[in-house]
1. Please specify each residue of the range 44-59 satisfying the condition of being touching a residue at least 12 places away in the same chain (Cβ under 8 Å), surrounded by 13 or more Cβ atoms within 10 Å (Cβ to Cβ) and touching a strand residue (DSSP E or B) at 6+ places or on another chain (Cβ under 7 Å).
2. Please indicate, with yes or no, whether at least one residue in the range 125-137 is over 18 Å from residue 76 (Cα atoms), in the same structural domain as residue 36 (by TED's automatic domain parsing), assigned to a loop (DSSP other than H, G, I, E, B) and modelled with pLDDT of 95 or more.
3. Based on this model, can you work out whether residue 72 counts as closer than 20 Å to residue 40 by Cα and either in the same structural domain as residue 110 (by TED's automatic domain parsing) or surrounded by fewer than 16 Cβ atoms within 10 Å (Cβ to Cβ) (or both)?
4. Confirm whether residue 23 is part of a loop (DSSP other than H, G, I, E, B), within 26 Å of residue 170 (Cβ to Cβ), assigned by TED's automatic domain parsing to the domain that holds residue 142 and at pLDDT 95 or above.
5. Checking the conditions here, which among 86, 46 is within 21 Å of the chain's Cα centre (by Cα) and assigned to a helix (DSSP H, G or I)?
6. If residue 270 passes every condition in (1) modelled with pLDDT of 95 or more; (2) in a helix (DSSP H, G or I) but one, which one does it miss?
7. Search the range 288-315 for residues that are assigned to a helix (DSSP H, G or I) and pair each with any residue that is loosely packed, with under 15 Cβ neighbours inside 10 Å when their beta-carbon atoms are under 8 Å apart and the residues are at least 6 apart or on different chains.
8. Which of the residues that make up the range 70-89 are touching a strand residue (DSSP E or B) at 6+ places or on another chain (Cβ under 9 Å), without any contact (Cβ under 8 Å) to a residue 40 or more places away in the chain and over 27 Å from residue 270 (Cβ atoms)?
């Protein structure tokens with residue numbers, strides 16, 4: 001397969017390297033110093049079970065459109081930060097419209113696929129989520145990754161959305177599995193995305209406040225209880241959005257993150273690197289849905305406000 005990895009940061013580079021090692025042609029779409037390093041020196045990926053150091057084909061979004069036709073690719077993977085989805089999709093709009101290539105999101109949040117749908121005709125969107133993986137750019141051109149690094153994917157918003165897209169799904173799942181990326185199909189990917197939001201909302205903002213890893217947060221009696229409460233507020237937000245989530249889902253997601261490798265969350269890494277945080281895409285979604293339902297997400301609101309205040313205070317001389 002020929003795959004464009006749009007948003008080749010820590011997560012995108014890990015999956016891209018796995019796919020490239022398995023013989024697939026991967027184009028890494030990035031920017032800045034990380035892009036320059038990959039173009040000049042190749043990509044290095046370090047994982048306890050996987051090591052990669054090879055030349056790669058890397059370009060920015062403009063280069064992708066100038067050097068390739070969309071229908072050159074079998075799959076476009078979007079691994080951007082959620083706040084970048086709209087501007088990049090607007091930039092790619094005409095390029096994407098000239099083909100029928102499926103597009104798969106593996107981003108944080110539950111609104112990316114809907115944003116992508118504004119720029120594509122129906123029947124081309126695979127929802128997805130990266131599960132049990134932590135990855136970040138250690139230095140330009142060098143990525144550190146941890147975890148089993150699974151992917152769940154499915155026709156968005158659920159299995160009934162497009163019969164045409166189903167024929168793309170099985171080859172993608174097979175290719176990813178054969179590349180050493182444990183990948184499963186979901187018949188209700190929208191619900192799966194909300195389950196992952198439970199984890200993101202539970203640990204990401206707390207880690208960015210405390211500078212603690214996921215194991216430290218979930219094992220602390222007070223912080224662990226706060227994580228659970230914030231996860232349960234995602235359940236309530238999901239119900240308000242029409243997504244059926246249960247207490248059992250909350251228990252399962254809390255157990256998963258509590259037993260997972262101790263990692264820095266993406267939000268903590270972004271704070272350490274001085275980058276914008278995905279606060280609105282994670283906490284903001286929960287706060288808005290619960291507020292509109294008349295049942296405020298009080299713990300999420302508190303942690304969200306504390307983190308905002310903390311960021312302001314730390315930016316002052």
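The values are calculated or read from the model by the stated rules, or taken from the named source; none is laboratory data. The structure displayed is predicted, hence computed values, not measured ones. Note that each Cβ is placed from the backbone with ideal geometry, even for glycine, and that neighbours are counted across all protein chains shown.
1. 44, 45, 46, 47, 52, 56, 57, 58, 59
2. No, the conditions are met nowhere in the range 125-137.
3. no
4. Here the answer is yes, as residue 23 does meet what is asked.
5. Sole residue among the options that is within 21 Å of the chain's Cα centre (by Cα) and assigned to a helix (DSSP H, G or I): 86.
6. (1)
7. Partner pairs satisfying both residue conditions: 290/296.
8. Across the range 70-89, the qualifying residue is only 70.
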